[in-house]
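Undergrad: Pasting a structure below so you can have a look.
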């Protein structure tokens, strides 16, 4: 029974580690994406400022489209991060449940 308990705990902890790594990966993607988005917006602004008046509207429109798509992608990354955090919380709850069950089993054996 002790081996089964240790195996369960180890599995849950391994899953938690994996989820933590995934969360960090998503966070890094968000940081990199934000940086790229800022650079893209800076470049669009520069292009709009230096382009002939008749072409400015075209580049402004492209900048707005790009910004809209970037916001959508950012929301998707945030949703992915939220899902991973929820999964991590569930795994922590599961681990706590296993620990509580184990304590109860030990207590019953002592009686």
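Undergrad: Quick one: compute the contact order of the chain, relative version, from alpha carbon pairs under 8 angstrom and 6+ residues apart, as a percent.
TA: So the answer I get is 49 percent.
Undergrad: What is the Rg over Rh value, at two decimals, for the chain, using alpha-carbon atoms and the Kirkwood definition of Rh?
TA: Rounded to two decimals, Rg/Rh equals 1.38.
Undergrad: With the radius of gyration and the Kirkwood radius both derived from the Cα set of the range 70-111, what is their ratio Rg to Rh?
TA: 1.45
Undergrad: Let me ask another. Helix 53-110 sits at what angle to the longest principal axis of the chain, using alpha carbons and giving 0 to 90 degrees rounded to 10?
TA: Compared with the principal axis, the helix lies near 0 degrees.
Undergrad: By how many degrees, between 0 and 90 and to the nearest 10, does the Cα long axis of helix 2-50 differ from the longest principal axis of the chain?
TA: The angle comes out near 10 degrees.
Undergrad: Sorted by packing (mean other beta-carbon atoms within 10 Å per residue), highest first, where do 38-51, 6-19 land?
TA: For the peptides 38-51, 6-19, the packing ranking is 6-19, 38-51.
Only the coordinates and a few stated rules stand behind these numbers; no lab work does. All values reported here derive from a predicted model rather than from experimental measurement. FYI the Cβ positions are ideal-geometry reconstructions off the backbone, even for glycines, and counts take in every protein chain you see.
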